[in-house]
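Okay, so here's the structure we're looking at.
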Amino acid sequence: MTRLKTEDICHIKASLEKYNRDLIAKTGATLGQIAAYAAETREEKVCRNFKVAVIPLTCGRGIIEGFTQTVASITGFLGFNSFVTKNTDAGGVAEAVEKGAEILMMADDDKFVAINRVTGRVSDNGEATGRGYAAALDLMTGGLRNRNVLILGAGPVGKGAALALARLGAKISVYDVEPGCSNRLAEEVREKTGITVRIEEKLDRALLVNKIIYDATPTPSFIHKKHITPDTFIAAPGIPLGVDGEALPEVAGRLLHDPLEIGVATMIYDVCRQA
Ligand code: PYL
């Protein structure tokens, strides 16, 4: 997982309205509707009475300037009363509870989680981001049932995507620089969904024959103009973007990519959806 930098996220708060309009143009759905679809619920069945506290954690490589404020701006945009605690770490958790927050969100270097301390629901950013982008891709393509989708990267996001895409009825193939990771992903998908995942070993060939691509890698600029056709669709939660600068204009209208928005929206709907 790529560690975000302040410059990756500092634009988000001010451009949420525009980003939401972009999503509607590409998928026909708002950020909230995409998150509701990914959380297998509907917008009106999400309880917005829960108060959300985002807690800065100083452990490991420490605070990312703007990270917790950006997370709170996304949950606020979705209608949740949200705040960033003044205190960090344990003090922040105590402050969140003392201020009556039912939803606690926090990230260290390895995990970013949302916790509903009333219902006990927990959502993990990696898995939620994978599922959120699968939902958005399904909407953008008009439905993935019986269509081939190439997943690049068999990490937590790629795995979350594969399980969600399997449930959407897509035909899945996966490529990872570590073939062992692809095998493990395929094994888990078969166990949980009975769906067979095809393992790709040649990246360039896989990119040339697949029209629907899911980039869950931290690798920059490996998807080139030669890989793009007028009916290419790309979901790219991976940071940095895998589509290179020359190819970007060719696919911009059929590309989904953001550093936090779809993942955070799916997390908060996961833990706030009514039973
Ligand atoms: C959760 C993001 C999504 C992509 N990369 C992940 C990342 O950058 N994780 C690190 C988050 C550290 C946050 C820091 C803070 O400001 O509280 N502990």
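Each value in this text was obtained by applying a stated rule to the coordinates, not by laboratory testing. Note that the coordinates shown come from a computational prediction; the quantities given were computed from them, not determined experimentally. A quick note on method: Cβ atoms are made from the backbone with ideal geometry, for glycine too, and the neighbour counts reach across all protein chains shown.
At 222 nm, what value in deg cm²/dmol follows for the chain if DSSP H runs of at least 4 each add -39500 (n - 2.57) and the sum is divided by all its residues, to the nearest 500?
-12000 deg cm²/dmol
Mind pulling up the Rg/Rh value for the chain? Radius of gyration and Kirkwood radius, both on Cα.
0.96
Exactly which GluC sites (Glu not before Pro) in the stretch 153-260 are in a DSSP loop and have at most 13 other Cβ atoms within 10 Å? Please report the intermediate quantities before stating the final value.
Values: sites: Glu187, Glu188, Glu191, Glu200, Glu201, Glu246, Glu250; in loops: Glu200, Glu201, Glu246.
Sites meeting the loop and neighbour criteria: Glu201, Glu246.
Mean projection of the alpha-carbon convex hull of the stretch 154-225 over all orientations, in nm²?
So the Cα hull casts an average projection of 4.6 nm².
Report the label-to-label distance for Lys111 and Met1 in nanometres (one decimal), using points 7 Å from each Cα along the Cα→Cβ vector.
It is 1.0 nm.
Taking the alpha-carbon distance from Lys45 and a cut-off under 29 Å, which lysines remain once sequence neighbours fewer than 8 residues away in the same chain are dropped?
Here the lysines satisfying the reach criterion relative to Lys45 are Lys13, Lys18, Lys26, Lys99, Lys111, Lys159, Lys192.
Could you work out Rg/(2.2 N^0.38 Å) for the stretch 1-125, with Rg from alpha carbons only?
Dividing the Cα Rg of the stretch 1-125 by 2.2 N^0.38 Å gives 1.07.
Based on the alpha-carbon set only, what is the convex hull volume of the stretch 130-256 divided per residue, in Å³?
85
Quickly work out the Thr229-to-Leu208 label distance, labels modelled 7 Å from Cα along the C-beta direction, and quote it in nm with one decimal.
1.2
Given R₀ = 45 Å, FRET efficiency for Glu17-Asn148 by Cβ-Cβ distance, to 0.05?
About 0.85, to the nearest 0.05.
Looking at the chain, send over the antiparallel percent of its DSSP beta bridges, to the nearest 5.
Just about 30 percent of them are antiparallel.
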